[in-house]
Amino acid sequence: MKFKDISSLGQQELIEKEKALKEELYKLNYQRYSGRVEKPHNFSLLKKDVARIKTAIRQMQMKRLEVRG
């Protein structure tokens, strides 16, 4: 997922997207420990997407703080 796509979403949508990605990462980890991961490169992709979403949420929060103060 590109950062442009992420930054165009609202904060609530980002939070929901983050939860879905974390759940998918959890399932992949479960598969890893049971020994049947089909696409191991998805771990890094999911982690990077979660980090991008967290960054976008934080940027939104910082903009709100700047407007207030």
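The values are calculated or read from the model by the stated rules, or taken from the named source; none is laboratory data. These numbers come from a predicted model, not from an experiment. FYI the Cβ positions are ideal-geometry reconstructions off the backbone, even for glycines, and counts take in every protein chain you see. What goes into the accessible areas is simple: the full protein's heavy atoms, side chains included, and nothing from ligands, DNA or RNA. Shrake-Rupley method; radii C 1.70, N 1.55, O 1.52, S 1.80 Å.
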Starting from residues that are in a helix (DSSP H, G or I) and farther than 14 Å from MET1 by Cβ, keep the ones in the range 29-56 and report whichever is most open to solvent (accessible area, probe 1.4 Å).
TYR33
If we keep only residues of the range 1-28 that are open to solvent by less than 50 Å² (accessible area, probe 1.4 Å) and farther than 26 Å from LYS63 by Cα, then the residue nearest to the chain's Cα centre (by Cα) is LEU25
